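Enquirer: Structure incoming, see below.
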Amino acid sequence: MLRSGAIAVQLIAVLIVYFLLDHQIALMPLLLVIALEAGFQLMSVLAYRNVSQAKPLGMLMQLTADVLFLTILLSLSGGATNAFVSLLLLPIMIAAVTLSGKGLAYIAVLAIAAYSVLLIKMPEHNMHQMNMSGHFISMWINFVLSASVIALVIGAMNRALKERERTIAQVREQQLRSEQLVTLDGAAAQITHQLATPIANLQLLFEELLEDHPNNLVVQQMQTPLQQCATQLDSFRKLSAALRLNNTQQHITTAQLQQQITDTLLLQYPDQQIKWIIENQTGGINTAILNSDAMLLPAILNLLQNAATANQQQDQNVLELTWLQEEHCGEYVYLLIRDFGNGFSATQLSNLGGQLMPSDHGMGLAVLLSNVTFERLNGSLTLYNHPQCGAIAKVKLASVFSEQSE
């Protein structure tokens, strides 16, 4: 829209200067440049008619064209002596609010170079017996200072505004996620309360059946799932009580966490084997002390359950768990959980951990809760596919030493 208006103003100005003010200007070359600019504008409109926001490279190309067209028009109508030479500041202003720092620097340098070329090609001017070269050089210096101030100040303000908008968006997203989690927590507590009585009744019925039919294989097979349900309900009650009464962070070593993971996974998925791997061991990774609370182990188990499910779908029974600590710093310890399933789809990689996702296999809620737990403990969760097969959940856990140093 700006360029369309500029083309119309340029055409009207050239015609008025030539026909009404009777100034001798290069009419045909100016009209030819304006026609080329109009053609470029028409192609741009057609190319971006279905695009709401141009990519940075496209915007860079458009602003480059603006500088070049304006420079050519100025060179045909007085060059650096043209009163409208300061219009070269407009592309810099637009670049300051639309491009990155490198793109802004490029446009600013390009505009300054264009003004410099116009100044160098300017013929000697004398007015009232006085040499005007010093005046035009001063105008060029003023342009350079103005371009630099615009690039630095407006560019910095634009980056600050974008950062503030990004922070506000993150806070809003965290608030919405917290509200969603509170709703889920209430629903989970209600469902658990409602399931307690039916499971207790089933346990009584199972005991009666076991007394009447002690050798029945089907009755014997009921014992394990019923025991697991009762154990899970009891664990949920204890976890809720711990969070309600004493929701504080604790410390745990990697060796203790590893033993808890092994014991719990062996109980829930006896068909799965854990292969522990330690990489880049610095200073004894088994004794590293991590931030923890009552939700850390369940958060990791959520990821392990998804990994075990992916393995079972491909008839695999090995889970690789890797401890990793960066050699140059011991602030964080990483736990990598790898399965040998089908891996994540592109949609799952972009959305898992940030929102609830409908799925036949229940993927989404557990990962969301795990991600929230790791972030609360100053950690993070990264999901990606292994180059060969399967998927990897990379858990970043904060060490106590990094927190003390802060």
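The values are calculated or read from the model by the stated rules, or taken from the named source; none is laboratory data. Computed from a predicted model, the values in this text were never measured in an experiment. Reconstructed Cβ throughout: ideal geometry from the backbone, glycine too, with neighbour counts over all protein chains shown. Remember, those area values only see protein heavy atoms, side chains included, never the ligands or the DNA or RNA. Shrake-Rupley method; radii C 1.70, N 1.55, O 1.52, S 1.80 Å.
Enquirer: Which ones in region 327-362 are buried (at least 19 other Cβ atoms within 10 Å of the Cβ), hydrophobic (A, V, I, L, M, F, W, C) and either modelled with pLDDT under 80 or part of a loop (DSSP other than H, G, I, E, B) (or both)?
Expert: Once the filter is applied, which keeps residues that are buried (at least 19 other Cβ atoms within 10 Å of the Cβ), hydrophobic (A, V, I, L, M, F, W, C) and either modelled with pLDDT under 80 or part of a loop (DSSP other than H, G, I, E, B) (or both), region 327-362 yields Phe340, Phe344, Leu352.
Enquirer: Of (1) at pLDDT 75 or above; (2) farther than 23 Å from Ala310 by Cβ; (3) under 33 Å from the mean Cα position of the chain (by Cα), Asp212 satisfies all except one. Which?
Expert: (3)
Enquirer: Among Ile191, Ile285, Ile252, Ile274, which is modelled with pLDDT under 85 and open to solvent by less than 80 Å² (accessible area, probe 1.4 Å)? Step through it out loud before you land on a result.
Expert: On the way: Ile191 fails: open to solvent by less than 80 Å² (accessible area, probe 1.4 Å); Ile252 fails: modelled with pLDDT under 85; Ile274 fails: modelled with pLDDT under 85.
After ruling out the rest, the residue left standing is Ile285.
Enquirer: Lys55 passes all but one of (1) open to solvent by 60 Å² or more (accessible area, probe 1.4 Å); (2) charged (D, E, K, R); (3) over 30 Å from the mean Cα position of the chain (by Cα); which number fails?
Expert: Going through the list (1) open to solvent by 60 Å² or more (accessible area, probe 1.4 Å); (2) charged (D, E, K, R); (3) over 30 Å from the mean Cα position of the chain (by Cα), Lys55 breaks only (3).
Enquirer: Sort out which residues of region 49-80 are in contact with a Pro (Cβ under 9 Å, 6 or more places away or on another chain) and among the hydroxyl-bearing types (Ser, Thr, Tyr), and write them in order of number.
Expert: Answer for region 49-80, where residues must be in contact with a Pro (Cβ under 9 Å, 6 or more places away or on another chain) and among the hydroxyl-bearing types (Ser, Thr, Tyr): just Thr64.
Enquirer: While we're looking at this one, here's another question. Take the residues of region 382-406 that are among the hydrophobic types (A, V, I, L, M, F, W, C) and open to solvent by 30 Å² or more (accessible area, probe 1.4 Å): which is modelled with the lowest pLDDT? Lay out the reasoning, then the answer.
Expert: Start the filter on region 382-406 by keeping residues that are among the hydrophobic types (A, V, I, L, M, F, W, C), which leaves 383, 389, 391-393, 395, 397-398, 400-401.
Still in the running and open to solvent by 30 Å² or more (accessible area, probe 1.4 Å): 383, 389, 401.
On the way: Leu383: 86, Cys389: 86, Phe401: 55.
Step by step, filter region 382-406, then rank; the result is Phe401.
Enquirer: Does region 42-64 contain at least one residue that is within 24 Å of Met139 (Cα to Cα), assigned to a helix (DSSP H, G or I) and among the hydrophobic types (A, V, I, L, M, F, W, C)? Spell out the reasoning first.
Expert: Restricting attention to region 42-64, the residues satisfying the condition of being within 24 Å of Met139 (Cα to Cα) are 63-64.
Filter again for assigned to a helix (DSSP H, G or I), leaving 63-64.
From the residues that got through so far, the ones that are among the hydrophobic types (A, V, I, L, M, F, W, C) too are 63.
Within region 42-64, one or more residues are within 24 Å of Met139 (Cα to Cα), assigned to a helix (DSSP H, G or I) and among the hydrophobic types (A, V, I, L, M, F, W, C).
Enquirer: Residues of region 65-104 being farther than 17 Å from Leu30 by Cα, open to solvent by less than 50 Å² (accessible area, probe 1.4 Å) and either assigned to a helix (DSSP H, G or I) or of a type in the set (Lys, Arg) (or both), which ones?
Expert: Correct list: Leu88, Leu89, Pro91, Ile92, Ala95, Ala96, Gly101, Gly103, Leu104.
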